[in-house]
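One structure below.
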Amino acid sequence: MKRLFVVLTAVMLAAIATSATAQISIVIEEGNRDATPIAIVPFARQGDGMPPDDLAEIVDSDLARSGQFQPMARTDMLSRPSTEAEVFFRDWSATNARYLLIGRQSMNGPQLRVDYELFDVTSQKKVFSGYEAGAVSDARMLAHRLADEVYEHITGTPGAFATKLLYISATRVPGANEYSRLTMSDSDGARPVVLLETREPLLAPTWSPDAKEIAYVSFETGRPAIYRQELATGRRQQLTNFKGLNGAPSWSPDGRTMAMTLSKDGNPDIYLMDLATKQLTQITNHYAIDTEPTWMPDGQSVLFTSDRGGKPQIYSYDLRSGKTDRVTYEGSYNARARVSQDGRSVVMVHQQDGRFHIAVLDLETKRLHILTSTELDESPSIAPNGTMVLYATKYAERGILAAVAVEGDAKFRLPAREGDVREPAWSPYISR
Amino acid sequence: MKQFSIAGKTIALLFSAALLVACSGSDTKEDQAAADAAAAAAAAAQQSASQAASAAEMARLEEAVAAVGNVFYFGFDSSTLTPEALSAVNAHIALLQRNNENIRLEGHTDERGTREYNMALGERRANAVRDYMVANGIASFRIETISYGEERPVAYGSGEANWAQNRRVELKPQ
């Protein structure tokens with residue numbers, strides 16, 4: 001197997017660097033009207049050297065971005081406690097803050113540690129205290145983990161801030177092929193790293209269930225092929241090189257199988273590849289277009305897009321029974337499903353009045369709810385905690401990423417400084 | 001049919017030259033070489049004559065192809081050849097029947113709809129042109145197809161004027 005791994009080429013190694021063109025930043029458009037007010041006091045700094053980032057500010061942005069919190073402006077704070085002894089609840093009950101977060105960040109050589117306490121201002125009680133520790137170079141991730149803890153202690157749902165995004169960024173070149181880059185960033189768009197750059201199309205980036213590997217489609221050989229790549233080592237392997245389409249890779253929940261679209265036998269069908277043996281099993285066989293496979297979290301069925309009924313709709317293939325069922329009926333275009341981790345809802349691209357929106361279908365009630373109001377929305381990707389959907393859309397004639405809450409009104413955009421961004425893939429939870 | 005009669009004449013001539021060699025009754029190498037040279041000269045003469053005869057025809061076909069261009073356009077979510085696309089593809093077929101060049105058909109879509117579905121739709125468009133060419137006598141091994149879906153737009157803007165330019169199959173030499 002080892003010889004099948006192709007070590008990164010010089011061009012790719014050269015490209016592994018922070019690229020200003022790939023940087024995306026957050027613009028919050030709307031939060032929930034009933035967002036919880038919270039005061040996040042700047043953390044006290046102890047020990048040698050200055051920590052590179054204002055960690056409290058990162059926690060503040062994470063919570064604000066979720067739409068479920070409304071962090072208080074620092075200028076409105078009457079005091080800036082950093083220890084429990086310094087907390088006077090009257091300073092906070094005078095404001096409308098319902099929660100108070102304080103903390104201390106200390107450096108010890110290359111190590112950073114943040115101790116923090118979360119208080120309920122109404123009951124005047126400590127809700128939680130804890131710490132996050134790690135390398136200074138990973139300071140932003142520490143802050144995201146801290147935000148995850150705060151989020152979970154208040155909402156009851158695990159946070160998804162300490163996660164990563166994959167996306168494709170492209171720079172147009174008049175009269176020539178554009179530059180496409182496969183980029184990975186933190187969930188807030190910070191720290192972008194270019195994993196691959198080519199003048200040929202790149203698409204369909206996706207994560208392995210353990211978030212240690214990615215798969216994607218690259219045309220770098222002049223034809224489409226599916227690749228898998230280890231994030232820690234950069235080692236990669238070309239999985240397919242068939243005639244016709246080689247697309248839409250999707251990792252099974254147990255990490256052993258890759259669903260994909262191949263048209264080697266004449267028209268696009270869904271295949272499952274056993275990643276250990278490279279053995280292929282064809283699971284659809286229809287003259288229509290069958291594509292965009294994605295797994296249900298139990299690994300027992302695969303959803304896919306097919307125009308076998310005349311227009312693209314979502315279908316489900318049951319691996320045990322071999323039965324295929326139609327999933328979507330509302331509207332004339334439903335495609336590229338992604339399923340929430342609890343298996344209860346499916347997000348997809350849904351066309352209405354000629355416009356393409358992101359919609360969510362409740363699999364139990366069969367209710368379809370349109371989440372977005374822009375008109376060329378595609379590539380939805382659900383946060384691992386199921387609260388937000390990241391998607392690609394157009395803004396001022398450029399491809400941008402945007403996010404919307406599955407429930408509630410929260411919305412934000414992640415525009416790139418330049419070029420187009422598309423095909424976001426939100427990572428699963430990342431183990432420490 | 002004209003090219004077949006020319007080819008037929010060439011084969012007949014070569015055959016008679018070979019027959020001449022076979023019937024010469026001489027085993028000497030000099031005789032053999034002389035016969036070979038005569039046959040080669042006859043074949044070359046025939047070939048250049050047929051080339052000259054078809055040069056004008058080839059120029060006419062190439063001109064027709066230049067006039068229709070190398071791009072065939074499609075309707076939204078459609079892989080059916082429009083009458084305009086058909087007549088353009090026909091001009092290419094007429095030329096391909098006379099030359100022995102290999103071609104590449106690149107299928108493209110507009111930005112609407114999902115990327116992987118569009119990848120399949122682009123392939124369907126390229127295949128539609130290929131299948132029509134094969135049905136009209138072009139050997140399938142001479143045609144390579146590839147889909148770029150919506151990844152390689154000609155016009156970046158939105159709106160039907162841009163979209164119409166992007167829903168296309170481009171014919172390129174291989």
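Of all DSSP beta bridges in region A:34-155, what percent run antiparallel (nearest 5)?
Percentage antiparallel, nearest 5: 65.
Can you give the FRET efficiency to the nearest 0.05 for residue B:80 and residue A:277, using r as the Cβ-Cβ distance and R₀ = 35 Å?
Numbers: r = 41 Å, r/R0 = 1.17.
Between residue B:80 and residue A:277 the formula returns 0.30.
Using θ = phi - 60° and the Karplus relation 6.51 cos²θ - 1.76 cosθ + 1.60, list the HN-Hα couplings for region A:413-418 in order, rounded to whole Hz, with x at every Gly or Pro.
Once θ is set to phi - 60°, the couplings for region A:413-418 become 10, 10, x, 7, 5, 8 Hz.
Using a simple spin-label model with points 7 Å from Cα along the Cα→Cβ vector, what separation in nm is obtained for residue A:332 and residue B:165?
That separation, rounded to one decimal, is 2.7 nm.
May I ask you to give the average projected area over all directions of the convex hull of the Cα atoms of region A:34-155, in nm² rounded to one decimal?
For the Cα atoms of region A:34-155, the hull's average projected area reads 6.9 nm².
Counting Lys and Arg as +1 and Asp and Glu as -1, each charge on the Cβ, what is the dipole of chain A about the Cα centre in debye, to the nearest 20?
Around 1040 debye, computed over chain A.
Measure up A:164/A:264; A:264/A:366; A:212/A:278; A:164/A:394; A:366/A:411 against 26 Å on the Cα-Cα distance and list the ones that go over.
A:164/A:264; A:264/A:366
Using a Gaussian network for chain A with springs between C-alpha atoms less than 10 Å apart, which of these wobbles most: A:298, A:290, A:62?
A:298
Rg and Dmax of region A:209-258 over Cα atoms: what are they, in angstrom?
For region A:209-258, the Cα-based Rg and Dmax read 11.1, 32 Å.
How tilted is helix A:139-155 with respect to the longest principal axis of chain A? Cα atoms for both, answer in degrees (0 to 90, nearest 10).
Compared with the principal axis, the helix lies near 80 degrees.
List the residues whose amide H sits under 5 Å from the amide H of residue A:40, counting only those 5 or more places along or on another chain, with H placed 1.01 Å from N in the peptide plane.
For residue A:40, the qualifying residues are A:72, A:101.
Please state the Cα pair-distance histogram of region A:101-237 with 5 angstrom bins from zero: what percent is in each bin?
Using 5 Å bins, I get a P(r) of 2, 9, 14, 16, 14, 12, 10, 8, 7, 5, 2, 1, 0 for region A:101-237.
Run through every distinct alpha carbon pair of the protein assembly as shown and return the Kirkwood hydrodynamic radius in angstroms, one decimal place.
Taking every pair of different Cα atoms in the protein assembly as shown, averaging 1/r and inverting gives 27.6 Å.
If you put +1 on each Lys and Arg Cβ and -1 on each Asp and Glu Cβ, how big is the dipole of region A:34-155 around its Cα centre, in Debye rounded to 20? Walk me through the numbers on the way to the answer.
Values: 12 positive and 19 negative charges, 41 e Å.
Roughly 200 debye for region A:34-155.
Search the structure for amide H atoms under 5 Å from the amide H of residue A:372, placed 1.01 Å from N in the peptide plane, and list their residues when 5 or more places away or on another chain.
Amide H neighbours of residue A:372: A:358.
Going by C-beta contacts inside 10 Å, put A:308, A:367, B:112 in order with the fewest on the left. Intermediate values should be presented prior to the final figure.
Working: A:308 16, A:367 11, B:112 22.
Listed from fewest to most nearby Cβ atoms, that is A:367, A:308, B:112.
For residue A:399, what residues show an amide H to amide H distance below 5 Å, using hydrogens built from the backbone and excluding near sequence neighbours?
Under 5 Å from the amide H of residue A:399: A:421.
Please give the helix A:55-65 orientation as an angle from the longest Cα principal axis of chain A, in degrees from 0 to 90, rounded to the nearest 10.
So the inclination is approximately 60 degrees.
Using only the alpha carbons of region A:252-342, what is the convex hull's orientation-averaged projected area in square nanometres?
For region A:252-342, the mean projected area of the Cα convex hull comes to 6.0 nm².
Taking every Cα atom in region A:326-432, find the radius of gyration and the maximum pairwise distance Dmax, and write them in Å.
That works out to 13.6, 45 Å for Rg and Dmax.
May I ask you to evaluate 6.51 cos²θ - 1.76 cosθ + 1.60, the Karplus curve with θ = phi - 60°, for each residue of region A:303-313 and list the ³J(HN,Hα) values in order in whole Hz, giving x for glycine and proline?
Those phi angles translate into 8, 8, 9, 9, 9, 4, x, x, 10, x, 9 Hz.
With only alpha-carbon pairs counted, each pair once and no self-pairs, how large is the Kirkwood hydrodynamic radius of region B:80-163 in angstroms?
By the Kirkwood definition, the hydrodynamic radius is 13.7 Å.
Values quoted throughout were computed directly from the atomic coordinates according to the rules given, and no laboratory measurement underlies them. In this text, all values refer to a predicted model and were calculated from it rather than measured experimentally. With ideal geometry, Cβ positions are generated from the backbone for all residues, glycine too; neighbour counts draw on all protein chains shown.
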